[in-house]
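To start, the structure itself, in structure tokens.
The values are calculated or read from the model by the stated rules, or taken from the named source; none is laboratory data. Note that this is a predicted model, so its numbers are computed, not measured. Cβ placement follows ideal geometry from the backbone for every residue including glycine, while neighbour counts extend to all protein chains displayed.
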Amino acid sequence: MAPPGSRQNNLGPETEERRQKRKLCNRESARRSRMRKQQQVLDLTNLVAQLMQGNKRALAQIEALSQHHQGLEAENGELRAQVAELTERLQSLNSVLRFVEQLSGVAMDVPSIPDPLLKPWQPPRPAFQC
């Protein structure tokens with residue numbers, strides 16, 4: 001039985017040269033593969049950083065829009081309360097004008113209250129609040 005490694009000694013010089021060349025090619029291929037993998041990891045790391053930054057911007061924008069929406073909702077509530085109060089005043093004034101018209105017998109032009117003031121449009125509410 002031949003000692004280990006003696007098989008290499010029995011190879012011809014051309015075979016040994018091809019083997020060495022193949023080893024060199026394999027090492028170079030492994031090096032390129034490691035470099036590609038390293039570049040892919042770097043690219044993915046950069047992509048994660050970009051996406052995280054984009055998420056931060058989106059969250060900040062959502063927060064700003066949410067606050068703006070809350071402000072608009074509050075303002076809308078105030079305006080609806082004003083409409084209700086002014087509608088009530090108008091109804092009261094109209095009833096006074098009708099009373100004066102009945103007492104005096106003089107025909108007065110008592111304007112009718114527009115329907116949207118009596119029944120303001122209510123936009124549909126979403127099923128959930130943020």
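Can you confirm whether E75 is part of a helix (DSSP H, G or I), closer than 30 Å to S112 by Cα and either more than 48 Å from the chain's Cα centre (by Cα) or at pLDDT 95 or above (or both)?
yes
Determine the pairs where a residue that is exposed (fewer than 10 other Cβ atoms within 10 Å of the Cβ), located within segment 10-33, has a partner that is outside any helix (DSSP H, G or I) with Cβ atoms under 9 Å apart, the partner being 6 or more residues away or on another chain.
N10/A2
Being among the basic types (K, R), over 25 Å from the mean Cα position of the chain (by Cα) and at pLDDT 90 or above narrows it down to one residue among R89, R98; which is it?
Of R89, R98, the one residue that is among the basic types (K, R), over 25 Å from the mean Cα position of the chain (by Cα) and at pLDDT 90 or above is R89.
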